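Encoded as structure tokens, the structure appears first; notes follow it.
The values are calculated or read from the model by the stated rules, or taken from the named source; none is laboratory data. Computed from a predicted structure; not experimentally measured. Cβ sites come from the backbone with ideal geometry, for glycine too, and all protein chains shown count toward neighbours.
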Amino acid sequence: MATQARFHDRTVLVTGGLGGIGLACALRFAAEGAHLVLVDLRDDGAQAALDACRQAGAASAVAHACDVADEDRVQALCARILQQRGRLDVLVNVAGAMLFKPLQDFSGADWQHLLGVNLLGPVHFTRQWLHHARPGAAVVNVASVHALMTTPLVAPYAAAKAALLSLTRSTAIEGRPRGLRANAVVPGAIDTPMLWSNPNLASGAETLAPEDVGSPADVAAAALFLASDEARFITGSSLEVSGGRLARL
């Protein structure tokens with residue numbers, strides 16, 4: 001007897017879904033039969049991502065351009081999704097942005113932009129999810145090891161990701177009476193353009209051994225587990241996916 005896909009008839013929304021970790025997450029959920037909604041700042045490359053998701057097994061897949069920091073646009077997008085699908089079961093907040101500057105050089109506008117994408121984006125989507133989620137629904141927030149231990153030149157990003165872990169705990173606490181769960185994945189060095197654009201690597205201030213660099217698929221596997229029924233007794237937790245890089249003295 002064939003086993004039913006774990007996300008059959010469930011709607012999964014992934015922000016930052018057209019590339020990197022976001023697309024890897026989308027492909028994992030696609031392979032489990034999900035109806036996918038991919039959200040990204042622009043829709044460049046959307047068709048290729050959607051084709052890949054459908055080939056991987058998605059029941060359906062659509063893409064929407066949206067600035068996750070814009071609360072009104074997020075609300076309008078979620079209303080549209082609910083009108084089309086009638087439900088929003090899993091929210092995977094991946095969209096992120098980094099700038100590299102000394103702390104004293106970050107302007108107020110820089111802080112607002114980075115907090116908007118990395119923290120308020122998940123806040124806006126989580127708010128909509130909480131309004132409409134059914135028992136058994138789940139949020140997975142993709143944070144960063146910068147939430148726990150950080151390096152120079154990324155103060156707003158690190159602060160936002162630390163706050164995202166706190167948001168995860170609050171969502172878990174308030175969602176639990178309704179049968180809703182929230183967890184976070186805490187990636188280490190992952191092979192994405194964001195990693196290799198880090199000037200700390202170019203300058204030698206930070207070094208990476210090959211074994212310390214994971215793939216987007218490693219993060220996606222963790223996100224899929226945390227959103228699945230297998231993790232039904234896990235909420236308010238943060239799962240580090242760093243290859244043990246932070247476990248060493």
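Listed values, structure above:
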| quantity | calculated |
| --- | --- |
| Matching residues in region 61-88 - criterion: being farther than 20 Å from residue 49 by Cβ and assigned to a loop (DSSP other than H, G, I, E, B) | 69, 70, 86, 87 |
| Any hit, region 191-212, residues being in contact with a helix residue (DSSP H, G or I) (Cβ under 6 Å, 6 or more places away or on another chain) and within 19 Å of residue 90 (Cβ to Cβ) | no |
| Single unsatisfied condition, residue 55 versus (1) in a helix (DSSP H, G or I); (2) surrounded by 14 or more Cβ atoms within 10 Å (Cβ to Cβ) | (2) |
| Conditions (1) farther than 30 Å from residue 10 by Cα; (2) of a type outside the set (A, V, I, L, M); (3) out of contact with any helix residue (DSSP H, G or I) (no Cβ under 8 Å at 6 or more places or on another chain): number failed by residue 101 | (3) |
| Selection from region 238-249 of residues that are under 15 Å from residue 94 (Cα atoms) and either among the aliphatic types (A, V, I, L, M) or exposed (fewer than 11 other Cβ atoms within 10 Å of the Cβ) (or both) | 239, 241 |
| Pairs where the first residue, in region 18-31, is in contact (Cβ under 8 Å) with a residue 24 or more places away in the chain and the second is of a type in the set (Phe, Trp, Tyr) and crowded, with 24+ Cβ neighbours inside 10 Å, C-beta under 7 Å, 6+ apart | 29/7 |
| Residues satisfying the stated conditions in region 22-48, i.e. at pLDDT below 95 and of a type in the set (Gly, Ala, Ser) | 45 |
| Residue 211 being closer than 24 Å to residue 138 by Cα and either modelled with pLDDT under 80 or acidic (Asp, Glu) (or both) | no |
| Residues within region 124-146 that are surrounded by fewer than 21 Cβ atoms within 10 Å (Cβ to Cβ) and either among the acidic types (Asp, Glu) or within 12 Å of residue 167 (Cβ to Cβ) (or both), tallied | 2 |
| Number of positions in region 202-249 that are in contact with a strand residue (DSSP E or B) (Cβ under 8 Å, 6 or more places away or on another chain), acidic (Asp, Glu) and touching a residue at least 60 places away in the same chain (Cβ under 8 Å) | 1 |
| Leading residue by the ranking (nearest to the chain's Cα centre (by Cα)) among those in region 211-237 that are surrounded by 13 or more Cβ atoms within 10 Å (Cβ to Cβ) and over 28 Å from residue 4 (Cα atoms) | 214 |
| Residue within region 134-143 that is under 24 Å from residue 238 (Cβ atoms), under 15 Å from the mean Cα position of the chain (by Cα) and among the small types (Gly, Ala, Ser) present | yes |
| Selection count where residues are farther than 18 Å from residue 165 by Cβ and of a type in the set (Lys, Arg), scope region 217-247 | 1 |
| Pairs where the first residue, in region 167-189, is acidic (Asp, Glu) and the second is surrounded by fewer than 22 Cβ atoms within 10 Å (Cβ to Cβ), C-beta under 9 Å, 6+ apart | 174/130; 174/180 |
| Enumerated helices (runs of 4 or more DSSP H) restricted to region 167-231, each holding at least 3 residues that are within 21 Å of residue 115 (Cα to Cα) | 193-196 |
| Test: residue in region 147-156 that is touching a strand residue (DSSP E or B) at 6+ places or on another chain (Cβ under 8 Å), surrounded by 18 or more Cβ atoms within 10 Å (Cβ to Cβ), within 22 Å of residue 246 (Cβ to Cβ) and at pLDDT 95 or above | yes |
